[in-house]
């Protein structure tokens, strides 16, 4: 992840919480690892023209996590995360990534969502998850994906 010194903070809390309006994402950090939290929107990417997600999280040097807390515009959230990956990732195609959109309205798991997940996996080596209102993720279970050869 590219360095953004004024927008970074290290957290070693049991829970690292991101909240905006009704959307909430909690990362459980039971090992109390030192996790890098980056405020992207309005800090790491501060201009009004560039699309960007709300936060980035770096649990270790091999994984980047992108977070967008949203109302209902999932399509816009996807574009925001994609733009942020292109701008801030050290290696948009290789480094393992997890992308989370926590929205107040989640579309059904249809073919559009499956296509989106395939696109992010193929183009950015990223798992993409869309969750409703509140979601909790255990950081100790985020492991490096093994590429099949």
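The values are calculated or read from the model by the stated rules, or taken from the named source; none is laboratory data. This structure is a prediction, so every number in the text was calculated from the model and none was measured. Quick reminder, even Gly has a Cβ in these numbers, built from the backbone with ideal geometry, and neighbours come from all protein chains shown.
Scan the stretch 78-97 for residues that are under 23 Å from residue 24 (Cβ atoms) and modelled with pLDDT under 90 and the total you get is 0. Restricting attention to the stretch 109-128, the residues being within 17 Å of residue 85 (Cα to Cα) and modelled with pLDDT under 90 number 2. Out of all the residues in the stretch 98-108, is one or more closer than 25 Å to residue 13 by Cα, modelled with pLDDT under 85 and touching a strand residue (DSSP E or B) at 6+ places or on another chain (Cβ under 8 Å)? No, that holds for no residue.
For the stretch 116-126, the count of residues that are within 21 Å of residue 11 (Cα to Cα) and outside any helix (DSSP H, G or I) is zero.
Table: residues versus (1) buried (at least 18 other Cβ atoms within 10 Å of the Cβ); (2) in contact (Cβ under 8 Å) with a residue 60 or more places away in the chain; (3) over 17 Å from residue 63 (Cα atoms).
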| residue | (1), (2), (3) |
| --- | --- |
| 3 | no, no, no |
| 13 | no, no, yes |
| 17 | no, no, yes |
| 22 | no, yes, yes |
| 25 | yes, yes, yes |
| 30 | no, yes, yes |
| 34 | no, no, no |
| 42 | no, no, yes |
| 46 | no, no, yes |
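Counted as qualifying within the stretch 1-105 are the strands (runs of 3 or more DSSP E) with 2 or more residues that are in contact with a helix residue (DSSP H, G or I) (Cβ under 8 Å, 6 or more places away or on another chain), namely 23-28, 35-39, 55-60, 63-70, 96-103.
To keep it simple, each residue is scored yes or no on (1) more than 24 Å from residue 5 (Cβ to Cβ); (2) buried (at least 23 other Cβ atoms within 10 Å of the Cβ).
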{"site": "51", "(1), (2)": "no, no"}
{"site": "77", "(1), (2)": "yes, yes"}
{"site": "81", "(1), (2)": "no, yes"}
{"site": "115", "(1), (2)": "yes, no"}
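For the stretch 118-141, the set of residues classified as over 25 Å from residue 19 (Cβ atoms) and surrounded by fewer than 18 Cβ atoms within 10 Å (Cβ to Cβ) consists of 118, 119, 121, 122, 123, listed by residue number.
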